[in-house]
Every structure is written in structure tokens, then in C-alpha cells.
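What follows is a set of notes on a single structure, which appears directly below.
The values are calculated or read from the model by the stated rules, or taken from the named source; none is laboratory data. From a predicted model like this one, the values you see are computed outputs, not experimental measurements. Cβ placement follows ideal geometry from the backbone for every residue including glycine, while neighbour counts extend to all protein chains displayed. We work out accessible area using only protein heavy atoms, side chains counted, and drop any ligands, DNA or RNA first. Shrake-Rupley method; radii C 1.70, N 1.55, O 1.52, S 1.80 Å.
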Amino acid sequence: MSDSGIHLAIVGYGKMGQAIERVARESGHSIATTIDPLAPGAEHRDISLGTLAGARVAIEFSTPESAAANVCALLEAGVAVVSGTTGWDREMDTARHLADERGVGFVWAPNFSLGVSVLFRLVAEAASFFAATGAFSPWLLEAHHDGKKDGPSGTARRLAQSIVERTPGKTRFGPAPGNRAIDPELLPVSWIRAGGIPGEHRCGWDAAGESFEMIHRARDRRVFAVGAVRAAEWLEGRKRSCTFDEFLDDVVFGTREGGGQ
Ligand SMILES: NC(=O)c1ccc[n+]([C@@H]2O[C@H](COP(=O)([O-])OP(=O)(O)OC[C@H]3O[C@@H](n4cnc5c(N)ncnc54)[C@H](O)[C@@H]3O)[C@@H](O)[C@H]2O)c1
């Protein structure tokens, strides 16, 4: 963390926004503002230069419907953005272009936990190995709390895309049809919504006589908040759209040189 701490805006003050506020304060940062049109505890209802109150970086965890507009409004206001909202992939390129055009930092990740960051890399390798055997069929299952608004999760989508890209014969992912055999080109992805599950992702490969699985379970959503706050510390002063892999390589895995602005 920087000595002085960052003046942060929290946009979306639901379960994640409140966890981020706690972790940010514990890490020595100050909260310039909390913005959420519905949450009773939020200080402001919408984003403006006034309600941003001098924040240098915003952490945005809202809803799939509101994330693109929030992120673009923050970038237009010159505030760097860490976004963790899932389910707005189709509008992501607009936000990335805007960040580059305006020279403002932006990073998004579907999952800020360290364990899932490792899982992404292991699954990419495993998918290549299993593809080389020509004997295994991949599958994916994720589980989240019953309030989650998108499915499959952004994390599952990224894992699935990574497996499809590395598995000859697979061209797409999605739910298995309930009334017929699975098209061999489909990577089946299933999801469960129940209770308060913070997040579980299970990737498997199955062959005649053997099976293999990798599982990540988030037991506490604080792990996502810690990752998002660390990403905000890293993003401060960067003036372009960055990838979460750059953050991981610079800060967590230490495999990149420099890092660049
Ligand atoms: N990237 C990660 O590591 C990670 C981890 C957990 C959750 N998530 C994602 O983060 C998002 C939020 O998750 P949550 O558990 O906090 O959900 P939540 O339902 O508890 O909170 C969402 C909040 O967004 C608010 N909101 C609605 N419209 C808004 C707008 N226009 N501007 C600002 N806020 C608005 C709602 O009032 C609510 O308070 C979801 O998309 C979820 O999938 C990502």
C-alpha cells in the first residue's frame, strides 16, 4: 500500500461494496464516497463530479445492467476504475477503448481471489494436457448464492473459454440440453444457485475408467475484496486499460519485468 493511502470511491454498496469498504479502511485507505441508487447505507445515489468527492480510484461492484454506464461515467470523470461486476462482457470493449482514449486506468476481473487466479493458469495447462491425450471430456460446474443475477458466472465463462480454446473439437460452451445427448462440440457448463454460497468453481475431465477434478471454493467474499483493493493500489497512476493478468504478473506471481504505465 502507498504511505498515504488512496482516496477511494465505492460504486455499488451491496455485499461486495461493504466488504471492500472494510478491507480498504483496514489497509489504510480513505473512503471518499459510496454510491448506490438503492442501498440504504450509501451516501449518494448517482455518479457526478460532486458525488465523487475527489476520489482518485473507484471500485465498482454493482449489477450486470448498470456496470457499463457506471464504468464509463467514472472514466469520463477521470477516475481510475477497478470493476468486478460480472455479466457485462459485451460492453467491456467500449470501456477499454474509453480508458485508453482518456488516459485513465481501468482493470476488470470476474474473480479477484488469489486461488481462482491460480486456477485460471492451472486449468489452461491442464486443458492442453488433457486435449493431448485425446481421451478426456471436459466439463464445468459452478455454485453461488441465490441472489446472483447472472449465470454461468463470469469466472466460469472465462474458465470455459480457456478450455474451449485448448480442446480440439470443442467450439462453444453452455448448458447441456435437457432432452437429448450433448453435441460433441459443446463444453457443458452447469450452475447451482442456493443459499449464501460465496462462490465455487469445479472443472473436470472424464475418460473411460478415470476422472480428474480441480475445485476452488471461496469461503468468505472478503477474499474478493482483498484482491480488488490490491488491484486499486496497483492501478493508481496507470493511465490505460490494463488486464488482471498484468496485475497478477506484476504483484502476485512476479513474472513480468517493469509493468509500464
Ligand atoms: N470479481 C469478483 O471477484 C466478484 C466477486 C463477488 C461478486 N462479484 C460480482 O459483483 C457484483 C456485485 O456483487 P454483490 O454480491 O455485491 O451483489 P449485491 O446484489 O449484494 O450488490 C449489488 C449492488 O449494486 C447496486 N446497484 C444497482 N444499480 C446500481 C447502479 N446503477 N449503480 C451502482 N450500484 C447499483 C444494488 O443496489 C446493490 O446494492 C455482481 O456482478 C457479482 O457477480 C464479483
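So the values come out like this:
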{"read-out": "Matching residues in the range 177-194 - criterion: being closer than 26 Å to Lys148 by Cα, at pLDDT 95 or above and either open to solvent by 80 Å² or more (accessible area, probe 1.4 Å) or not in a loop (DSSP other than H, G, I, E, B) (or both)", "value": "Leu186, Leu187, Pro188, Val189, Ser190, Trp191, Ile192, Arg193"}
{"read-out": "Qualifying position, being open to solvent by 20 Å² or more (accessible area, probe 1.4 Å), in contact with a helix residue (DSSP H, G or I) (Cβ under 9 Å, 6 or more places away or on another chain), under 25 Å from Thr94 (Cβ atoms) and aliphatic (A, V, I, L, M), among Ile59, Ile20, Ile47", "value": "Ile47"}
{"read-out": "Residue tally, condition open to solvent by 40 Å² or more (accessible area, probe 1.4 Å), under 15 Å from Trp191 (Cβ atoms) and away from the ligand (no atom under 16 Å from the Cβ), over the range 141-176", "value": "4"}
